[in-house]
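*Asks:* First, the structure itself, so that you have it in front of you.
The values are calculated or read from the model by the stated rules, or taken from the named source; none is laboratory data. Given the structure is predicted, the values throughout are model-derived calculations rather than measurements. We place every Cβ from the backbone using ideal geometry, glycine too, and count neighbours over all the protein chains shown.
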Amino acid sequence: MSGSLHGSLLNKEKNFPIWFMRQAGRYLPEYQKIRKKYKNFIKFCLNVNDATKVSLQPINRFNLDAAIVFSDILLILNAAGQKIEFKEKIGPILEHYDLNQFYKTTDQNFTRNLENVYKILRKIRKKLPQEKSLIGFAGSPWTLLTYMINRGPPKKNINFLKDIKKKDVIKIIKRLEHLIYIHCEKQILAGADIIQLFDSWAGLIGEANLREFCISPNKNIVDKIKKNFPNNPVICFPKGINKNINYFIKEVNPHGISIDYDINLKKLNLNNKVVFQGGMNPKFLLGNNKQMFKQAKKYLDFFKDKPYVFNLGHGILPKTKPGNVTKLVEFVRSYNL
């Protein structure tokens, strides 16, 4: 394996690799300059030149160990026929889902609608220093289903499935599982070294449905990537799963697990053969540096003797000052193992 991040997923290195979720985004003035050109966020994500530029901006500014392709988890639903509009200060609004169209979407049409994502990855890989890793990603089946049916972020709306039979939910999840894998496969073939699966709304799932809605779908995708692309690690991020994190790791068995800021570190089973990533609350990048360094040190100290990738427990917040990101990167890089 080449590349500092995905090499470290299996091999201990001198320093912790570092990258951030949402590292290319609204907190960067150079991003804002390009973003102003677009009323339609989907068109921005699918513009080969501009999406490539913003994907590389955090590498150019902070010299991070990995670039993550600038994209969105909802592009999968858009490619499967559910149109999406992003509204300022509201977020994504999805049109009513048509299950007939969803099931009839062919793999060929689906990937054709996403072809620019793969072009962006190829272009990033050409411009990215060889020692840097390139991360592709996708939403997990449950999380995409929540947006598909709720037609927007579910927030605390846990009743959005009340009018749908469980067998139909599972049928949708199986179809999404298939489309997500295809998208991951295409990203790897286009140059992605690593895939991260975002199950951003895993915390909404009750205990009774956790295996069928979260564990099994993620495991099926991870297993298929492992089988077909043994040199391309998969990181899972089941946000909000809390006490079920050890169960998830054991059953899904990804190469890496991203933890959110609500995870109790003392209750993590560190005997699992998995690389841990993240954890720190991004809000600490908004305050004073002393608190930020203290929080970072908590995670660095805890994972000192384990393979660990420094990241946050969620994405960088829009009001974050780029200077604070610079200081945090310098702090992590100066930490002696």
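*Asks:* Of the residues I195, I241, which single one is within 22 Å of F70 (Cβ to Cβ) and buried (at least 16 other Cβ atoms within 10 Å of the Cβ)?
*Replies:* I195
*Asks:* Does any residue of the stretch 258-274 turn out to be surrounded by 24 or more Cβ atoms within 10 Å (Cβ to Cβ), polar (S, T, N, Q) and closer than 17 Å to Y299 by Cβ?
*Replies:* Within the stretch 258-274, one or more residues are surrounded by 24 or more Cβ atoms within 10 Å (Cβ to Cβ), polar (S, T, N, Q) and closer than 17 Å to Y299 by Cβ.
*Asks:* Would you pick out the residues in the stretch 166-186 that are more than 17 Å from N218 (Cα to Cα) and touching a helix residue (DSSP H, G or I) at 6+ places or on another chain (Cβ under 9 Å)?
*Replies:* K166, D168, K186
*Asks:* In addition: Just give me the residues in the stretch 227-238 being in contact (Cβ under 8 Å) with a residue 60 or more places away in the chain and surrounded by fewer than 16 Cβ atoms within 10 Å (Cβ to Cβ), in sequence order.
*Replies:* Within the stretch 227-238, N231 is the sole residue that qualifies.
*Asks:* Something else: For the stretch 236-272, enumerate the residues that are under 16 Å from H314 (Cβ atoms), not small (G, A, S) and not in a helix (DSSP H, G or I).
*Replies:* Within the stretch 236-272, C236, F237, P238, K239, I241, I257, I259, D260, Y261, D262, I263 meet the criteria.
*Asks:* Kindly evaluate I316 against the criterion of being in contact with a helix residue (DSSP H, G or I) (Cβ under 6 Å, 6 or more places away or on another chain) and touching a residue at least 24 places away in the same chain (Cβ under 8 Å).
*Replies:* yes
*Asks:* Identify all residues within the stretch 209-226 that are under 13 Å from I188 (Cα atoms) and either free of Cβ contacts under 8 Å to residues at least 12 places away in the same chain or not aliphatic (A, V, I, L, M) (or both); write none if there are none.
*Replies:* Selection gives K224, K226.
*Asks:* While we're on this one: Identify all residues within the stretch 201-223 that are crowded, with 17+ Cβ neighbours inside 10 Å, touching a helix residue (DSSP H, G or I) at 6+ places or on another chain (Cβ under 7 Å) and within 16 Å of E251 (Cα to Cα); write none if there are none.
*Replies:* Result: A202, L210, F213, C214, I215, P217, N218, K219, N220, I221, V222.
*Asks:* Restricting attention to the stretch 27-55, which residues are surrounded by 15 or more Cβ atoms within 10 Å (Cβ to Cβ), assigned to a loop (DSSP other than H, G, I, E, B) and in contact with a helix residue (DSSP H, G or I) (Cβ under 7 Å, 6 or more places away or on another chain)?
*Replies:* Passing the criteria: Y27, L28, L46.
*Asks:* Now a separate question. Does Q108 meet the test of being buried (at least 19 other Cβ atoms within 10 Å of the Cβ), of a type in the set (S, T, N, Q) and out of contact with any His (no Cβ under 7 Å at 6 or more places or on another chain)?
*Replies:* Criteria not met by Q108.
*Asks:* Across the stretch 73-95, which residue is surrounded by the fewest Cβ atoms within 10 Å (Cβ to Cβ) among those that are in a loop (DSSP other than H, G, I, E, B) and touching a Phe, Trp or Tyr at 6+ places or on another chain (Cβ under 7 Å)? Steps first, please.
*Replies:* If we filter the stretch 73-95 for residues that are in a loop (DSSP other than H, G, I, E, B), which is where we start, we get 73-74, 80-83, 88-90, 95.
Retained after the next criterion (residues that are touching a Phe, Trp or Tyr at 6+ places or on another chain (Cβ under 7 Å)): 73-74, 80-82.
Working: I73: 20, L74: 21, A80: 23, G81: 18, Q82: 21.
Looking at residues that are in a loop (DSSP other than H, G, I, E, B) and touching a Phe, Trp or Tyr at 6+ places or on another chain (Cβ under 7 Å), I get G81.
*Asks:* Now for a separate question. Taking the stated definitions as given, is I59 farther than 19 Å from E131 by Cα, in a helix (DSSP H, G or I) and at pLDDT 95 or above?
*Replies:* Values: farther than 19 Å from E131 by Cα: no; in a helix (DSSP H, G or I): yes; at pLDDT 95 or above: yes.
No.
*Asks:* I'd like the full set of residues that are over 13 Å from C184 (Cβ atoms), modelled with pLDDT of 95 or more and among the aromatic types (F, W, Y), limited to the stretch 106-158.
*Replies:* W142
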